[in-house]
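A.B. asks: Shown below is the structure under consideration.
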Amino acid sequence: MKKILYVLTIILITQATRMNAQEQHGRTLNAGLGFGYYGYRGYTSPALNVNYEFDVAKNFTLAPFISAYGYRHDYYWGNPHYPYRYYRYRETVVPIGVKGTYYFDDILHATDRWDFYLGASLGYSFRKVYWEDGYYGDREVYRSSSYLYLDGHIGTEFHATERLGIYLDLSTGMSTLGMAFHL
């Protein structure tokens with residue numbers, strides 16, 4: 001009997017919180033954790049991303065964002081005055097910009113609980129490098145990298161309730177899994 005009541009309660013709560021996800025995509029605060037790939041490094045780092053989506057047109061949103069990730073690396077250096085050895089540095093990268101997203105829910109005939117999208121982000125990456133004491137070599141890390149932040153996205157969101165969703169955003173630069181708060 002308890003199991004039946006539990007299942008009925010879950011069904012009632014689920015039905016009470018159903019929403020039409022395709023009606024509106026904006027007015028959403030997205031916060032996610034994932035992995036950032038800062039092209040020239042060749043490996044990923046833990047990352048944090050936060051953005052706020054607002055509707056611009058039917059099925060199209062813009063979302064100002066801020067992200068952050070960092071990494072540590074060893075660099076072998078020396079000269080006649082300083083011994084050759086590995087010196088450690090830490091780089092912090094903070095991309096800031098705007099993400100444009102187009103939702104394909106109508107085209108894909110998605111149910112009310114799901115959103116599917118493609119997007120692109122454009123912004124500027126603030127970078128700061130911290131070297132360990134005793135390093136006196138060139139302090140510029142990877143001169144060929146650009147401060148321009150350009151990223152492609154494909155993703156989906158599952159609407160758990162009217163106000164809460166879970167999303168997966170796969171991208172060319174920073175893939176995240178996170179929570180969407182519909183305001």
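Just so it is clear, none of the values below were taken in a lab; they were calculated from the coordinates. Computed from a predicted structure; not experimentally measured. Glycine gets a Cβ as well: all are built from the backbone with ideal geometry, and neighbour counts include every protein chain shown.
A.B. asks: Treat the count of other C-beta atoms within 10 Å as a stand-in for reagent exposure and order His81, His25, His159 from fewest to most.
C.D. replies: With the sparsest Cβ surroundings first, the list reads His81, His159, His25.
A.B. asks: How would you rank Glu91, Glu132, Glu140, Glu157, going from fewest to most other Cβ atoms within 10 Å of each one's own Cβ?
C.D. replies: Taking fewest neighbouring Cβ atoms as first place, the list is Glu140, Glu132, Glu91, Glu157.
A.B. asks: Still on this structure: Determine ³J(HN,Hα), in whole Hz, for all residues of the stretch 84-96 in sequence, where each value follows from phi through the Karplus function 6.51 cos²θ - 1.76 cosθ + 1.60 and θ = phi - 60°; x replaces Gly and Pro.
C.D. replies: Those phi angles translate into 6, 6, 7, 10, 9, 9, 10, 10, 10, 10, 10, x, 10 Hz.
A.B. asks: Mind sorting Met179, Met174 by how few other Cβ atoms lie within 10 Å of their own Cβ, fewest first?
C.D. replies: Met179, Met174
A.B. asks: For the pair His81 and Leu148, what calculated FRET efficiency results from E = 1/(1 + (r/R0)^6), where r is the Cβ-Cβ distance and R0 = 41 Å, to the nearest 0.05?
C.D. replies: Rounded to the nearest 0.05, the efficiency is 0.65.
A.B. asks: Suppose the chain between Phe126 and Arg88 were pulled fully straight at 0.36 nm per residue; how much longer would it get relative to their current alpha carbon spacing? Don't skip to the end; give the middle numbers.
C.D. replies: Numbers: separation 38, 0.36 × 38 = 13.68 nm, distance 2.02 nm.
Full extension from Phe126 to Arg88 adds 11.7 nm.
A.B. asks: Still on this structure, I have one more. How far apart, in nanometres, would the label points at Tyr71 and Arg27 be if each is projected 7 angstrom from Cα along the Cα-to-Cβ direction?
C.D. replies: 4.0
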